Amino acid sequence: MKSLNKPNRTPLQKIKRIVLYILTFPQIFIHKLRGIEGSYDDLATFFRYFPLGKINKDKTISFWFKGRKVRFFYGHQSPMAGGIFMNGEYDIVPVKHKVVVDIGAALGDTAIYFALKGAIRVYGYELNKRHFDIAQKNLELNELQHLISIEYCGIAKNRINSANPVLGALMSSEDAKQVGEANYKTLDSIATENNFTDAVLKIDVDGFEYEIIDSVSQETLRRFEYIFMEYHYGTQRIEKILSEAGFDVTKTEITK
């Protein structure tokens, strides 16, 4: 499990940032000449991760990962929407030869990452309709529909109201209005529906993780060999519930 806390930059980190700007300047200069939009900071970070990567005018990025060229449409977000392929955030997740359940699939980045890291099947669930549509586009761009399926679906015991204050902090008001149109399932129901055994579970739902874990049965939790979860308001009851299901729980306070 991990928490998202943004640390203040030290003097050394500030120096590294300046060096980053200098080293990535040639790529940024070339892309700016081509008319690519984006802040200098976003472009510098992208080319630190992907020195030979490319940003295109159609709001796609392309780069090599695991010996394969990946194309990724980032839409309304920045080119760094594909950053998880190189920032090491999910490196510890043991997905090779495993079925992976991706709750909070966003633009499809984690699902594609897991597939290219050797998962035999990825089941994704995304509540934001705009993100879901982009995720479908990204699966098509990389021809991975045979390995990945993503549903426009919230994983929750009860339907999420568009006026929910947590939801309001995550989505634009326009996006939030559409959550009522999504399908809703519980973690119990999708585990039974797909007969998961020794699967890997990833949860990144920006504050709704507590309801998922509170409402799931111990039997369903034991269908998973490994769980990687982001938490946002302290671990609360999560550690206790997972420990009672037989998991060894490790908590990391700050992301890489």
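The values are calculated or read from the model by the stated rules, or taken from the named source; none is laboratory data. A quick note: this is a predicted structure, and the numbers were derived from the prediction, not measured. A quick note on method: Cβ atoms are made from the backbone with ideal geometry, for glycine too, and the neighbour counts reach across all protein chains shown. Ligands, DNA and RNA are excluded from the accessible area calculation, which covers all protein heavy atoms including side chains. Shrake-Rupley method; radii C 1.70, N 1.55, O 1.52, S 1.80 Å.
One residue is enough: does segment 19-37 have a residue meeting the conditions at pLDDT below 90, closer than 20 Å to His131 by Cβ and either surrounded by 11 or more Cβ atoms within 10 Å (Cβ to Cβ) or of a type in the set (A, V, I, L, M) (or both)?
no
How many residues are in a loop (DSSP other than H, G, I, E, B) and touching a helix residue (DSSP H, G or I) at 6+ places or on another chain (Cβ under 6 Å) when one looks only at segment 72-89?
4
Conditions: (1) free of Cβ contacts under 8 Å to residues at least 40 places away in the same chain; (2) outside any loop (DSSP other than H, G, I, E, B); (3) not basic (Lys, Arg). Glu143 meets all but one. Number of the miss?
(2)
Show the residue pairs meeting these rules: Cβ distance below 7 Å; 6+ apart or different chains; first residue within segment 39-55 and modelled with pLDDT of 90 or more and part of a loop (DSSP other than H, G, I, E, B); second residue crowded, with 21+ Cβ neighbours inside 10 Å and hydroxyl-bearing (Ser, Thr, Tyr).
The qualifying pairs do not exist here.
Within segment 94-103, restricting attention to residues that are open to solvent by 10 Å² or more (accessible area, probe 1.4 Å) and of a type outside the set (D, E, K, R), which residue is farthest from Phe208 (Cα to Cα)?
His97
Please work out if Glu174 is at pLDDT below 95, surrounded by 17 or more Cβ atoms within 10 Å (Cβ to Cβ) and either assigned to a loop (DSSP other than H, G, I, E, B) or not aliphatic (A, V, I, L, M) (or both).
Values: at pLDDT below 95: yes; surrounded by 17 or more Cβ atoms within 10 Å (Cβ to Cβ): no; either assigned to a loop (DSSP other than H, G, I, E, B) or not aliphatic (A, V, I, L, M) (or both): yes.
No, not satisfied.
Return yes when Lys69 is assigned to a strand (DSSP E or B) and more than 13 Å from the chain's Cα centre (by Cα) and no when it is not. Walk me through how you get there before you give the answer.
Values: assigned to a strand (DSSP E or B): yes; more than 13 Å from the chain's Cα centre (by Cα): yes.
Yes.
Condition check: part of a helix (DSSP H, G or I) and within 24 Å of Glu211 (Cα to Cα). Does Arg130 satisfy that?
So Arg130 passes the test.
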